[in-house]
1. For segment 109-167 and segment 255-324, compute the distance between their C-alpha centroids and round to whole Å.
2. Treating segment 102-189 as a set of equal point scatterers at the Cα positions, no solvent, please give the Debye-formula log₁₀ I(q)/I(0) at q = 0.12, 0.20 Å⁻¹.
3. What size of dipole, in debye to the nearest 20, comes out for the chain about its Cα centre when the only charges are +1 on Lys and Arg C-beta atoms and -1 on Asp and Glu C-beta atoms?
4. Once R0 is set to 25 Å, what does the formula 1/(1 + (r/R0)^6) return for the Cβ-Cβ distance between Glu325 and Asn300, expressed as a FRET efficiency to the nearest 0.05?
5. For segment 270-287, just list the computed ³J(HN,Hα) in residue order, Karplus coefficients 6.51, -1.76 and 1.60, θ = phi - 60°, integers in Hz, with x standing in for Gly and Pro.
6. Using Cα positions and a limit of under 12 Å, work out the aspartates and glutamates in reach of Lys318, with same-chain residues fewer than 8 apart set aside.
7. Just how large is the dipole of segment 95-156 about the Cα centre, in debye to the nearest 20, putting +1 at every Lys and Arg Cβ and -1 at every Asp and Glu Cβ?
8. With the crude spin-label approximation of a point 7 Å out along Cα→Cβ, what separation in nm comes out for Arg38 versus Val72?
Amino acid sequence: MREHRRFVGGFEVIEFADAAEVEALRARQSVPAEFDLRWAFEYGSEVAELRALYEKGKLAQWNAEHDVDWSVPCGPGEWIVTAEGSLLAQVLKLMGRDEQTQRAAAFEEIAYLISQLLHGEQAALQLCGQLTNGCEKMDEKWYAASQVADEARHVEVFSKLLQRKLGEIHPISPTLKILLEMLLQAPSVREKTLGMQTLFEGMAVGIMDLLRSQSRNPLLTEVLRRVEQDEARHAAFGVLMMRRVVRRASADERAQMEDWCFSVLEALNANQQLDMLALLGPKYWIEPEAVVRMTTALPNFAQLNCLPYMHTVVPNLKNLGLLTERSEAEWRRVGMLVDRREVEALLSAAGPV
Ligand SMILES: [Fe+2]
Ligand SMILES: [Fe+2]
């Protein structure tokens, strides 16, 4: 994505400005993925922690059609999140636009965000199918297969939420599509596990937790709570798998993995919602670059920006030894990491959520 990088103020962003290129990227549905599948002839349990996680997952199954109360109203006439939960609403408020416009923009922005989570869920569904094939041990295959069922349920629940309540499924962000395809095309279980299970699952938990704390709609809260519980288990699988990989890796290999993790999340961070702003901004007289220039120049930009990263990904990577003093300054430079005390101060200043 190097050709899509440029500076906006002092911040380097990734932006897809060419509409025809974005269209072509979205239209490509077939992705060649060469990947070896493995037999496992040891049918007894070899990794007790994974077997326990698999058992936990079986007990925590739920039904997206019957366990969710779809009769709860959720529509554009209400604030489904607090005003602070929507970038567009905050910008429109600064622009002096009326509350109805702010509310409508917040509603569309959440539909956009849930759409991106939905597309991410589809990628997780496909990637876990690959892991079921590629993992070496039967415990890993069982767990990965159980996650396939979880991810199918997440695709189901988010697509129903969008179709029944939020009105529209927005197309996938080009930045997200490129990153997810990179993981789907990765040739090894190690990269797939690190990328999807550790980075993207961890990000999903962080984003969903933040969104749930800002939700004002009981249906949205309920759906997020249920999905988040499953995602926390998936992120735990990533840590259990990667702990064994990292233990066996040489210092050079560990450094490579550390740099790779940073590069994947830095690309996600560098988009700074430009894909969303490009799609929805024009409808609300909003100029994407001006918004990014304004937000990245805020004195507390890093404290706000780091929240989804610091929720699960940062502690898990530190725990694995894949976020060390070597790369920490880079994480801080792009606003993905601050001292925990600063986050706590920000959250307590915002009051109970
Ligand atoms: Fe999921
Ligand atoms: Fe997941």
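The values are calculated or read from the model by the stated rules, or taken from the named source; none is laboratory data. These figures come from a predicted structure and were not determined experimentally. FYI the Cβ positions are ideal-geometry reconstructions off the backbone, even for glycines, and counts take in every protein chain you see. All accessible areas refer to the heavy atoms of the entire protein, side chains included, with ligands and DNA or RNA removed. Shrake-Rupley method; radii C 1.70, N 1.55, O 1.52, S 1.80 Å.
1. 22 Å
2. Ignoring solvent entirely, the Cα scatterers give -0.43, -0.91.
3. Value, rounded to 20: 360 debye.
4. That pair, Glu325 with Asn300, gives E of 0.50.
5. 5, 6, 6, 6, 4, 5, 5, 5, 5, 7, 9, x, x, 5, 10, 6, 9, 9
6. Candidates past the 8-residue exclusion: Glu258, Glu328.
7. Dipole size: approximately 60 debye.
8. For Arg38 paired with Val72, the spin-label model returns 4.1 nm.
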